[in-house]
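Engineer: I have a structure I would like to understand better, so I am pasting it below and will then ask my questions one at a time.
The values are calculated or read from the model by the stated rules, or taken from the named source; none is laboratory data. Predicted model only: the values in this text are computed from it and were never measured. Glycine gets a Cβ as well: all are built from the backbone with ideal geometry, and neighbour counts include every protein chain shown. Remember, those area values only see protein heavy atoms, side chains included, never the ligands or the DNA or RNA. Shrake-Rupley method; radii C 1.70, N 1.55, O 1.52, S 1.80 Å.
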Amino acid sequence: MYYTNNNLILDWYDTNKRNLPWRLTKDPYKIWLSEVMLQQTQVSTVIPYYKNWIRKFPTVHSVAKANIDEVLKMWEGLGYYKRCRNFHSAANIIVTEHNGILPNSYNILLGLPGIGNYMASAILSIAFNENLPALDTNLNRVISRILGIKKLTKWNKNRINKYATMLVRCQRPGDVNQALMDIGSQLCTAKKALCSSCPSQNYCKAFQSTDPLKFPQTLGKKPAPTTKYVAGYISLNKKIIINRRPNNGMLGGLWQLPTFEFKQSKNTADIECLFRKKVGKDINIEGKIGIVKHVYSHLKTEVALYLCSKKNKSIKLDNSKWIKINDVKQYTFSNVNHKLMQLMGDKKND
């Protein structure tokens, strides 16, 4: 059964596989990069970032040689910036400890920043032809349906792993993994099951049940909480204040307009007091520009932007500096801050 299904999956892949730029190479560095970028990010979003990155940083050495600001700038807009910082750190380790060659050892890969079980298996199967299953959300769902698994208990997860391991016992383990990824993203998704086009339908217990979407059962997500912030567009002599976020926190290493969580009243005097306490005593709020909303995977944010003036250049806020307004594009900002800048630009054009 396993090997017959294996052949059917590979035949389907040879005919239907997506034309993706990282599938045109066996370069471990480029395959590793694609897997990092694809974490929690849609393929269509990743493709232009991948192409631009490869043009800028064609090798591990070129990434390691670049400073973190330059690397983050290339990642700007892709989100989950910890991936980028880990990639840069791992590239430096590979250059200094492995002569610039991505290791083909599972345990060594796991020791690199940002590489877990799934990514190590994906890299080794695709780039090095190792017989390892790359079990992500898509593969777990597809195999759960094939085996008729409703509850992802520890026992059933072991069954899924055993089945996946049997499937990749062939000469093309990387292609099997990528085929299952394509099936999971195109035919066998969480919200639809196009069973008539699936190469595994004759072996699929979920298909035989006539209601494949019941496999596996998923827990409903809790509503993401909303956190409210205030941000200041603080200007003096055609310059504004920006500050760098801590490396060990969310959006670490990125720049932002001075932004603070604010749970108190919406009274402007209270907000002005906050800015004076955090940034400088000589700050005055000139007016409220508007509100920007942004949704992350685990929370929602609501940021109120205030136009502020300052009388002198002294700044109390750590890791902050004045920059010319026209130099904003030289720094890496989060999507929220790009929205804030756009809001400010729209206000000026009114």
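Engineer: What list of ³J(HN,Hα) couplings, whole Hz, do you get for region 82-89 from phi and the Karplus terms 6.51, -1.76, 1.60, once you set θ to phi - 60° and write x for glycine and proline?
Structural biologist: Couplings: 4, 4, 5, 5, 5, 4, 5, 5 Hz.
Engineer: On to the next question. Take every Cα pair under 8 Å in the chain that's 6+ residues apart, average their separations, divide by the length, and report that relative contact order as a whole percent.
Structural biologist: Details: 511 pairs, mean separation 54.1, N = 350.
Answer for the chain is 15 percent.
Engineer: Now for a separate question. Of the options Leu213, Tyr229, Gly184, report the single residue whose Cα projects farthest towards the positive end of the charge dipole of region 178-251 (beta-carbon charges: Lys, Arg +1; Asp, Glu -1).
Structural biologist: Tyr229
Engineer: Given C-alpha coordinates of region 159-202, what is the ratio Rg to Rh with the Kirkwood estimate of Rh? All intermediate terms of the calculation are to be shown ahead of the outcome.
Structural biologist: Values: Rg = 11.2 Å, Rh = 11.3 Å.
Checking Rg against Rh, the ratio lands at 0.99.
Engineer: At 1.306 mPa s and 10 °C, plugging the Kirkwood radius over alpha-carbon pairs of the chain into Stokes-Einstein gives what diffusion coefficient in µm²/s?
Structural biologist: Values: Rh = 23.1 Å.
Using the Kirkwood radius from Cα pairs, D works out to 69 µm²/s.
Engineer: Using the 2.2 N^0.38 Å rule of thumb for compact globular proteins, work out how region 1-93 stacks up: its C-alpha Rg over that value, please.
Structural biologist: Details: Rg = 15.7 Å, N = 93, 2.2 N^0.38 = 12.3 Å.
With N residues counted in region 1-93, Rg over 2.2 N^0.38 Å equals 1.28.
Engineer: So who's got an amide H within less than 5 Å of the one on Ser334, skipping anything under 5 residues away but keeping other chains? H placed 1.01 Å off N, in plane.
Structural biologist: Distant-sequence amide H within range of Ser334: Trp255.
Engineer: Follow-up question, since we're still on this one. Are there any trypsin sites (Lys or Arg not before Pro) in region 161-229 that are in a DSSP loop and have at most 12 other Cβ atoms within 10 Å? List them by number.
Structural biologist: Counting only loop positions with at most 12 other Cβ atoms within 10 Å, the trypsin sites (Lys or Arg not before Pro) in region 161-229 are Lys191, Lys192, Lys221.
Engineer: What ³J(HN,Hα) values, in whole Hz, does the Karplus curve 6.51 cos²θ - 1.76 cosθ + 1.60 give for region 231-239 when θ = phi - 60°, with x put for Gly and Pro?
Structural biologist: 10, x, 8, 9, 10, 7, 6, 6, 10
Engineer: I'd like the orientation of helix 28-38 relative to the chain: the angle between its Cα long axis and the longest Cα principal axis, in ° from 0 to 90, rounded to 10.
Structural biologist: 70 degrees
Engineer: Also: Taking H as built 1.01 Å from N, whose amide H comes closer than 5 Å to the amide H of Cys308, not counting residues under 5 places away?
Structural biologist: Hits under the 5 Å cutoff: Tyr233, Ile234, Ser235, Glu286.
Engineer: While we're on this one: His61 accessible area, nearest 10 Å², 1.4 Å probe?
Structural biologist: That residue has around 90 Å² of solvent-accessible surface.
Engineer: So which trypsin sites (Lys or Arg not before Pro) in region 229-287 pass both tests, a DSSP loop state and at most 16 other Cβ atoms within 10 Å of the Cβ? Walk me through the numbers on the way to the answer.
Structural biologist: Values: sites: Lys238, Lys239, Arg244, Lys263, Lys266, Arg276, Lys277, Lys278, Lys281; in loops: Lys238, Lys263, Lys266, Lys281.
Here the sparse-neighbourhood loop sites are Lys238, Lys263, Lys266, Lys281.
Engineer: Then there's this: For Asn326, what is the net charge nearby, where nearby means another residue's Cβ is under 14 Å from its Cβ and Lys, Arg count +1, Asp, Glu -1? Write out the running numbers ahead of the final one.
Structural biologist: Values: positive: Lys238, Lys239, Lys324, Lys329, Lys348; negative: Asp327.
With Lys, Arg at +1 and Asp, Glu at -1, the neighbours total +4.
Engineer: Ordered by packing density, taken as the mean number of other Cβ atoms within 10 Å over each peptide's residues, highest first, how do 41-47, 8-14, 252-258 rank? Kindly include the intermediate steps, with their values, before the conclusion.
Structural biologist: Values: 41-47: 13.9, 8-14: 17.1, 252-258: 21.1.
Going from most to least packed, we get 252-258, 8-14, 41-47.
Engineer: Something else: To the nearest 0.05, what FRET efficiency results for Thr227 and Gln40 with a Förster distance of 25 Å applied to their C-beta separation? Mind dumping the intermediate values first?
Structural biologist: Values: r = 20 Å, r/R0 = 0.79.
That pair, Thr227 with Gln40, gives E of 0.80.
Engineer: Of the DSSP beta bridges with both residues in the chain, give the percent that are antiparallel, rounding to the nearest 5. Could you put the intermediate results ahead of the total?
Structural biologist: Working: 24 of 35 bridges.
The antiparallel fraction comes to roughly 70 percent.
Engineer: Could you sort Ser105, Ser121 by their accessible area in this structure, using a 1.4 Å probe and putting the largest first?
Structural biologist: Details: Ser105 40, Ser121 10 Å².
These residues rank, largest area first, as Ser105, Ser121.
Engineer: Sticking with this structure for a sec: FRET efficiency for Lys26 and Asn161, Cβ-Cβ distance as r, R0 = 45 Å, nearest 0.05?
Structural biologist: My answer for the efficiency is 0.95.
Engineer: Then there is this: Only helical DSSP H runs with n ≥ 4 go in: add -39500 (n - 2.57) per run for the chain, normalise by residue count and round the 222 nm mean residue ellipticity to 500 deg cm²/dmol.
Structural biologist: So the helix-based figure for the chain works out to -13500 deg cm²/dmol.
Engineer: With point charges of +1 on the Cβ of Lys and Arg and -1 on the Cβ of Asp and Glu, referenced to the Cα centre of region 110-165, which listed residue (Ala134, Ser121, Leu147) lies farthest in the positive direction of the dipole?
Structural biologist: Comparing the listed Cα positions along the dipole, Leu147 ranks first.
Engineer: Further question on the same structure: Tell me which residues come under 5 Å, amide H to amide H, from Gly290 once H is placed; ignore anything under 5 positions away on its chain.
Structural biologist: HN-HN under 5 Å from Gly290: Leu305.
Engineer: Here's another thing I want to ask about it. For the pair Tyr80 and Ala190, what calculated FRET efficiency results from E = 1/(1 + (r/R0)^6), where r is the Cβ-Cβ distance and R0 = 25 Å, to the nearest 0.05? Write out the running numbers ahead of the final one.
Structural biologist: Numbers: r = 20 Å, r/R0 = 0.82.
The calculated FRET efficiency here is 0.75.
Engineer: I would also like to ask the following. If you plug each phi of region 188-196 into the Karplus form 6.51 cos²θ - 1.76 cosθ + 1.60 with θ = phi - 60°, what whole-Hz ³J(HN,Hα) values come out, in order, with x for Gly and Pro?
Structural biologist: In residue order, the calculated couplings are 10, 8, 5, 10, 8, 9, 8, 4, 5 Hz.
Engineer: Give the carbon-plus-sulfur fraction of the accessible surface of the chain in %, rounded to a whole number; probe 1.4 Å, heavy atoms of protein chains only. Walk me through the numbers on the way to the answer.
Structural biologist: Details: 9190 of 18420 Å².
Roughly 50 percent, rounded to a whole number.
Engineer: Rounded to the nearest whole Å², what accessible area per residue is found for region 1-133 with the 1.4 Å probe?
Structural biologist: Per-residue value: 47 Å².
Engineer: Any idea what log10 I(q)/I(0) is at q = 0.18, 0.21 Å⁻¹ for region 243-346, Debye with uniform C-alpha scatterers and no solvent?
Structural biologist: Taken in order of the listed q values, log10 I(q)/I(0) reads -1.01, -1.43.
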